[in-house]
Number of protein chains: 2
Amino acid sequence: MPRSRPVMRPRMGKDSPMNLVVLAGGVGGGRFLLGVRAVAQAANTQVTAIVNTGDDVWLHGLRICPDLDSVLYTLGGGADPARGWGLRDETWTVLEELAAYQAEPSWFGLGDRDLAAHLVRTGLLARGLGLSDVTEFLCRRWRPGVRLLPASDDGIETHVVVAVEGRAGETRRLHFQEWWIRHGARLPALRFDYVGAEEAAPAPGVPEAIAAADVVLIAPSNPVVSIGPILAVPGIREALRRCPAPIIGISPIISGAPVRGMADRCLAALGVPCSAAGVGELLGARRNGGLLDGWLVDSADDPTTVRDVPVLARPLWMTDEAATQAIVVDALALAHG
Amino acid sequence: MPRSRPVMRPRMGKDSPMNLVVLAGGVGGGRFLLGVRAVAQAANTQVTAIVNTGDDVWLHGLRICPDLDSVLYTLGGGADPARGWGLRDETWTVLEELAAYQAEPSWFGLGDRDLAAHLVRTGLLARGLGLSDVTEFLCRRWRPGVRLLPASDDGIETHVVVAVEGRAGETRRLHFQEWWIRHGARLPALRFDYVGAEEAAPAPGVPEAIAAADVVLIAPSNPVVSIGPILAVPGIREALRRCPAPIIGISPIISGAPVRGMADRCLAALGVPCSAAGVGELLGARRNGGLLDGWLVDSADDPTTVRDVPVLARPLWMTDEAATQAIVVDALALAHG
């Protein structure tokens with residue numbers, strides 16, 4: 001699909017930087033942003049990543065923001081590629097000691113190096129800083145090369161409602177992290193609640209970034225628990241609805257299976273088919289009150305159609321940074337198609 | 001000074017356990033308690049240590065209780081004897097990472113293994129438990145062999161008021177830990193404030209332990225910043241005033257110098273001579289509204305007298321546990337002298 005036009009059209013004249021906004025979750029969002037950053041660096045483009053905070057959790061008195069940290073570590077070159085989460089050269093002394101105290105919860109993998117970020121964050125929050133200020137502080141070390149904003153400075157927590165085994169009709173709720181890590185997403189989810197989202201304000205800079213965007217991309221992150229909590233913030237939904245820039249989504253589902261993670265189990269709770277078409281319909285056409293001006297699916301999902309949304313099929317496996325760059329270029333092409 | 005009577009006289013008949021209460025600070029308090037525990041184990045005696053909380057501090061969002069931890073680690077066999085504080089086999093990964101973030105404060109030695117105790121404590125406090133409950137939880141691991149109680153569950157913080165250099169008459173205040181560790185107690189102290197102490201209640205069990213004591217010992221801890229904050233809690237002062245048991249102090253000053261630490265710099269702020277007699281007079285005779293029914297000083301301080309207080313001079317260097325046991329036996333002898 002060769003195109004003769006430039007991939008991005010500057011709004012304010014040839015020399016003005018362009019603005020690219022990406023809604024993203026954690027590890028997958030971080031990998032996608034590696035490609036976005038590379039494309040942007042070559043094209044005088046400023047990138048703002050708006051990162052999910054629904055995974056955030058208090059553990060052992062610390063505020064832990066798994067998605068922000070994953071993006072930070074990945075873009076900062078600190079992520080462990082083998083383990084797939086957390087930091088390289090990690091050690092586990094504190095976790096062993098916590099086990100010696102039989103301290104609960106014990107199911108969260110708290111590495112020594114990783115812990116430092118949580119300590120910095122919790123200390124700064126205790127001094128009255130907002131999560132976006134804290135994130136800026138952490139960025140001074142990791143220099144991610146993109147502007148990282150939490151979706152909100154207000155606490156949002158994704159809770160999962162599950163059935164109580166053996167007691168028909170009874171349900172209980174647990175934090176997403178507990179469902180995801182402790183239970184490996186195996187307890188069938190009845191519902192996801194983005195607790196606090198409806199009352200949350202977008203973090204400072206988020207509505208402005210969306211309003212000033214030339215293109216908005218939705219990373220191929222879990223649509224239910226990574227993108228969902230971002231969209232659940234009314235001020236973000238509203239900013240996206242109003243923004244003049246095209247909004248392009250990249251499917252996190254290829255050939256009926258999640259690119260990574262367990263999105264299938266999350267989609268099942270919503271009754272959404274685990275397919276590129278299913279997620280596309282979930283996000284919906286902007287003209288029908290949904291989000292999308294374009295939907296990028298994998299070549300394997302070629303016949304996929306989403307009502308009132310232009311669909312482009314291209315290779316979507318983020319096998320390396322070059323492949324990811326190609327995906328970003330395709331998404332930008334679709335934005336101006 | 002041989003005595004034919006038993007060292008401790010049971011109150012309720014021969015087989016009832018005796019109750020020994022010790023007011024103590026951190027590292028020195030812990031070492032003293034090693035001797036107390038050994039004597040008690042041989043004598044059907046229950047020991048309650050009431051530990052200073054004025055050193056407690058929030059750092060990086062964590063509640064750190066240096067004196068309680070020092071006592072816990074020392075009695076639990078985890079303390080590092082070479083370094084003189086903290087845990088054996090300690091590693092410093094988290095501290096190195098905090099430095100990479102240029103996170104402040106950077107002057108507090110936060111070991112990885114030590115950190116686990118702070119995480120457990122902060123997590124439990126966040127769930128609404130009191131510091132005494134938390135301490136009991138930490139004791140399940142370290143099994144100190146004595147009952148450990150914080151002086152208070154209410155936050156008490158010792159602040160140091162110092163002159164602002166180059167600005168005559170101006171003062172500023174800093175947390176005791178910052179003065180002690182960051183500045184090595186070198187900034188001349190004008191005053192120590194036990195912030196929160198006047199409004200603090202004794203921790204649950206503290207007044208009861210004092211009321212039920214057969215003997216109360218004041219460990220050879222820093223009288224200003226270890227014993228001072230305990231006595232600054234009105235309910236503890238009152239309980240000591242009323243208790244029927246003799247109160248015996250052990251001098252933390254030998255031959256005009258502190259056994260350990262920098263008590264001299266603390267005493268100077270109060271205008272108290274750095275001597276066994278000076279500290280004895282500071283604590284004062286119980287019959288004159290002070291605390292002491294007896295004052296144990298080192299043999300080198302033999303001619304020391306304290307107004308209206310019986311003084312016994314015996315070797316006071318805690319060179320090993322046997323020497324410390326002998327000190328405890330001498331203190332108990334003085335109690336019933």
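What follows draws every value from the coordinates through simple rules; no lab data is involved. Please read all numbers here as calculations on a predicted model, not as lab measurements. Glycine gets a Cβ as well: all are built from the backbone with ideal geometry, and neighbour counts include every protein chain shown.
Between A:Thr171 and B:Asp302, the simple spin-label model (points 7 angstrom out along Cα→Cβ) gives 8.3 nm. How much of the pair distance distribution for segment A:242-337 lies past 22 Å, counting alpha-carbon pairs only, in percent? Beyond 22 Å sits 24 percent of the P(r) for segment A:242-337.
Chain B residue nearest the rotation axis toward A, with distance: B:Asp112, 3 (Cβ to axis, whole Å).
Sorted from closest to farthest, the other copies place their B:Gly84 label points 5.0 nm away, with each point set 7 Å from Cα along Cα→Cβ.
Across all directions, the average flat footprint of the convex hull enclosing the Cα atoms of the protein assembly as shown is 36.6 nm².
At 222 nm, what helix-only mean residue ellipticity would chain B give, in deg cm²/dmol to the nearest 500, using -39500 (n - 2.57) for each DSSP H run of four or more? Each step should come with its number before you reach the end.
Values: 11 runs with 110 residues, N = 337.
Only helices count here, giving -9500 deg cm²/dmol.
Computed from Cα positions, the angle between helix B:27-41 and the longest principal axis of chain B comes to roughly 40 degrees. GNM remark for chain B: springs join alpha carbons under 10 Å apart, and the peak mean-square fluctuation among B:His60, B:His175, B:His159 falls on B:His60.
If we count other beta carbons within 10 Å of each Cβ, what is the order of B:Trp107, B:Trp85, A:Trp179, fewest first? Before the final figure, lay out each step's value.
Details: B:Trp107 13, B:Trp85 19, A:Trp179 25.
Fewest-to-most Cβ neighbours within 10 Å comes out as B:Trp107, B:Trp85, A:Trp179.
Whole-Å semi-axes of chain A's equivalent ellipsoid, largest first, each the root of 5 times a Cα gyration tensor eigenvalue? Each step should come with its number before you reach the end.
Working: eigenvalues 194, 115, 70 Å².
Each semi-axis is the square root of five times an eigenvalue, giving 31, 24, 19 Å.
Couplings 3J(HN,Hα) of segment A:273-283, computed from phi: x, 7, 8, 4, 5, x, 5, x, 5, 4, 6 Hz, in residue order, whole Hz [Karplus 6.51 cos²θ - 1.76 cosθ + 1.60, θ = phi - 60°; x for Gly and Pro].
In this simple spin-label approximation, A:Trp58 and A:Asp133 carry label points 7 Å from Cα along the Cα→Cβ vector, and these lie 1.9 nm apart. Distances, shortest first, from the label point of A:Glu321 to those at the same position in the other copies read 5.8 nm; the point lies 7 Å along Cα to C-beta.
Just in segment B:94-149: which trypsin sites (Lys or Arg not before Pro) are loop by DSSP and have at most 13 other Cβ atoms within 10 Å? Numbers along the way, then the final one.
Details: sites: B:Arg113, B:Arg121, B:Arg127, B:Arg140, B:Arg141, B:Arg147; in loops: B:Arg127.
Sparse-neighbourhood loop trypsin sites (Lys or Arg not before Pro): B:Arg127.
Can you give the average number of partner chain beta-carbon atoms within 10 Å of each beta-carbon in peptide A:108-116, as a whole number?
On the way: counts 0, 0, 2, 3, 9, 5, 2, 9, 13.
Whole-number average of other-chain Cβ neighbours for A:108-116 is 5.
Using a 7 Å projection from Cα along Cα-to-Cβ, the label point at A:Gln102 is separated from the same position in the remaining copies by 4.5 nm, smallest value first. If R0 equals 56 Å, the separation of the Cβ atoms of B:Asp320 and A:Thr319 corresponds to a calculated FRET efficiency of about 0.30.
On full extension, the segment bounded by B:Ala82 and B:Ala100 gains 3.7 nm, given 0.36 nm per residue less the C-alpha separation. Counting only other chain Cβ atoms within 10 Å of each residue's Cβ, the peptide B:90-96 averages 5. Ordered by the number of other Cβ atoms lying within 10 Å of each residue's own Cβ, fewest first, B:Met18, A:Met262 fall into the sequence A:Met262, B:Met18. Short-range pairs are left out: with C-alpha atoms under 8 Å and at least six residues apart, the relative contact order of chain A is 19 percent.
Once you list every other residue whose beta carbon is under 14 Å from the beta carbon of A:Arg141, what net charge do they have if Lys and Arg are +1 and Asp and Glu are -1? Don't skip to the end; give the middle numbers.
Details: positive: A:Arg113, A:Arg121, A:Arg140, A:Arg143; negative: A:Asp69, A:Asp114, A:Glu136, B:Glu96, B:Glu97, B:Glu104.
So the environment of A:Arg141 carries a net charge of -2.
The mean number of partner chain beta-carbon atoms within 10 angstrom of a residue's beta-carbon across peptide B:121-131 is 3.
Quick check on the exposure proxy: order A:Glu208, B:Glu97 from fewest to most C-beta atoms within 10 angstrom. Can you show the working numbers first?
Values: A:Glu208 13, B:Glu97 21.
Taking fewest neighbouring Cβ atoms as first place, the list is A:Glu208, B:Glu97.
Computed from Cα atoms, the angle from the helix B:131-142 axis to the main principal axis of chain B rounds to 80 degrees. Comparing mean-square fluctuations of A:Thr91, A:Thr158, A:Thr74 from a GNM of chain A with C-alpha springs under 10 Å, the top value falls on A:Thr91.
Between the helical axis of A:112-126 and the dominant principal axis of chain A, each derived from Cα atoms, what acute angle in degrees is found, rounded to the nearest 10? With rounding to tens, the tilt is 90 degrees.
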